[in-house]
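*Asks:* Quick one: structure below, then a few questions.
Only the coordinates and a few stated rules stand behind these numbers; no lab work does. Worth saying up front: this structure is predicted, and the values here are computed from it rather than measured. Heads up, the Cβs are rebuilt from the backbone with ideal geometry, glycines too, and the neighbour counts pull from every protein chain shown.
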């Protein structure tokens with residue numbers, strides 16, 4: 001039985017990492033590289049065979065075993081129908097592995113480059129890829145993973161930040177009143193969209209989680225997979241001014257709709273979801289601020305300037321919530 005603790009997780013050592021991999025049958029050659037992950041600890045580990053694996057150590061108390069396994073089953077389902085995702089390896093029939101102190105999983109090591117969001121051919125190909133993922137995602141719901149909604153990504157993070165005293169006293173009122181307004185207006189966006197169905201989504205589908213190769217894209221890190229509106233996995237591929245985002249949307253949806261229907265009412269949700277992501281991000285940093293790794297990686301967080309800039313970004317986002325949604329004439 002695993003007795004994982006935040007203290008053991010914070011003190012995860014190279015010996016812990018290599019011993020964990022070797023206890024499930026792999027011979028390590030001592031090569032070890034920390035990869036760009038903060039929520040979990042993720043490393044590329046070299047093997048005596050000359051190959052390498054990726055090992056992910058799960059943050060204690062974040063997801064239950066059921067929630068992790070549900071993510072694993074989703075990625076395995078997609079891999080079985082040849083959607084290019086990186087699914088965990090099965091070791092003696094298990095994808096979630098344990099030591100006394102840790103839960104971890106092993107993954108094939110896959111390389112690639114970031115997608116070019118200014119290349120409409122790549123955006124269309126990305127749309128086809130996401131359409132295939134969402135066709136699988138809509139075939140059954142998550143039973144244990146939470147929804148991405150105004151409560152989980154907006155109200156909850158906002159209330160935590162305010163309750164824990166992160167914001168300088170002179171900025172509390174500005175943050176509290178502004179976020180209250182934003183969440184009210186985000187709810188109005190949801191109201192205009194109507195009863196949009198939720199499906200199993202990647203949840204955090206920013207370009208860094210897409211690896212592009214000569215054969216096309218593959219996607220990594222389903223750790224944030226949730227029930228969400230489909231557009232949550234699409235809007236982060238849109239960039240630039242309104243005209244550029246409209247053109248990018250047309251390209252993405254041209255590919256997407258080859259495999260999956262798209263309800264244009266979801267376009268009302270793009271700026272609401274962007275607002276929730278901004279609020280959630282600072283709430284996430286606040287919740288993890290006791291982890292020494294976060295203080296090293298985000299030294300700018302929890303400073304006076306940090307909260308002033310965040311409030312400014314939220315004010316800019318308030319204006320966007322009043323604009324008409326992007327149009328799609330598909």
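*Asks:* State the extension gain, in nm to one decimal, for the chain segment bounded by residue 184 and residue 245, taking 0.36 nm per residue of separation less the distance between their alpha-carbons.
*Replies:* 19.5 nm
*Asks:* Label-point separation (nm) for residue 92 and residue 151, each offset 7 Å from Cα along Cα-to-Cβ?
*Replies:* About 4.1 nm, to one decimal.
*Asks:* Right, something else. What is the gain in length, in nm to one decimal, between residue 206 and residue 32 on full extension, counting 0.36 nm per residue of separation less the C-alpha to C-alpha distance?
*Replies:* On the way: separation 174, 0.36 × 174 = 62.64 nm, distance 2.58 nm.
Contour length minus the Cα-Cα distance gives 60.1 nm.
*Asks:* To the nearest 0.05, what FRET efficiency results for residue 143 and residue 114 with a Förster distance of 35 Å applied to their C-beta separation?
*Replies:* Computed FRET efficiency for residue 143 and residue 114 comes out at 0.55.
*Asks:* Further question: Using 7 Å Cα-to-Cβ label points, what is the residue 320/residue 296 separation (nm, one decimal)?
*Replies:* 3.2 nm
*Asks:* Quote to one decimal, in nm, the extra length available between residue 19 and residue 265 on full extension: 0.36 nm per residue of separation minus the C-alpha distance between them.
*Replies:* On the way: separation 246, 0.36 × 246 = 88.56 nm, distance 5.07 nm.
83.5 nm is the gain from fully extending residue 19 to residue 265.
*Asks:* OK, next. What Kirkwood hydrodynamic radius, in Å, does the stretch 6-108 give when the mean of 1/r is taken over all pairs of distinct Cα atoms and then inverted?
*Replies:* Kirkwood hydrodynamic radius for the stretch 6-108: 14.2 Å.
*Asks:* In addition: Based on Cα positions only, what radius of gyration and what Dmax would you give for the stretch 61-165, in angstroms?
*Replies:* 17.5, 49
*Asks:* Another question, then. Can you give the convex hull volume of the alpha carbon atoms of the stretch 223-298 per residue, in Å³?
*Replies:* Cα-based convex hull of the stretch 223-298, divided per residue, equals 126 Å³.
*Asks:* Please give the calculated 222 nm ellipticity per residue for the chain, where each DSSP H segment of at least 4 residues contributes -39500 (n - 2.57) and the sum is spread over every residue; nearest 500 deg cm²/dmol? Don't skip to the end; give the middle numbers.
*Replies:* Numbers: 10 runs with 138 residues, N = 330.
That comes out to -13500 deg cm²/dmol.
*Asks:* Where the convex hull is taken over the Cα atoms of the stretch 101-246, what is its projected area averaged over directions, in nm²?
*Replies:* That works out to 12.7 nm², a quarter of the Cα hull's surface.
*Asks:* Sort 206, 218 by Cβ crowding within 10 Å, fewest neighbours at the top.
*Replies:* Listed from fewest to most nearby Cβ atoms, that is 206, 218.
*Asks:* Using a Förster radius of 41 Å, what is the FRET efficiency between residue 11 and residue 49 based on their Cβ-Cβ separation? Nearest 0.05, please.
*Replies:* Once rounded, the FRET efficiency stands at 0.90.
*Asks:* Extent of the stretch 116-171 along each principal axis, from alpha carbon coordinates, in Å, largest to smallest?
*Replies:* 49, 35, 12
*Asks:* Right, another one. Between the stretch 135-151 and the stretch 189-246, how far is it from one alpha carbon centroid to the other, in angstrom?
*Replies:* Rounded to whole Å, the Cα centres lie 14 Å apart.
*Asks:* Can you give the convex hull volume of the alpha carbon atoms of the stretch 149-189 per residue, in Å³? Numbers along the way, then the final one.
*Replies:* Values: hull volume 2.0 nm³, N = 41.
Dividing the Cα hull volume of the stretch 149-189 by its residue count gives 49 Å³.
*Asks:* Using the basic label-point model (7 angstrom from Cα toward the beta carbon), what is the residue 257 to residue 214 distance in nanometres?
*Replies:* So the label points at residue 257 and residue 214 sit 3.4 nm apart.
*Asks:* Rg over Rh of the stretch 177-247, using C-alpha atoms and the Kirkwood radius, what does it come to?
*Replies:* Over the Cα atoms of the stretch 177-247, Rg/Rh equals 1.05.
*Asks:* Let me ask something else about it. Given all pairs of different Cα atoms, what value in angstroms does the Kirkwood hydrodynamic radius of the chain take?
*Replies:* 21.3 Å
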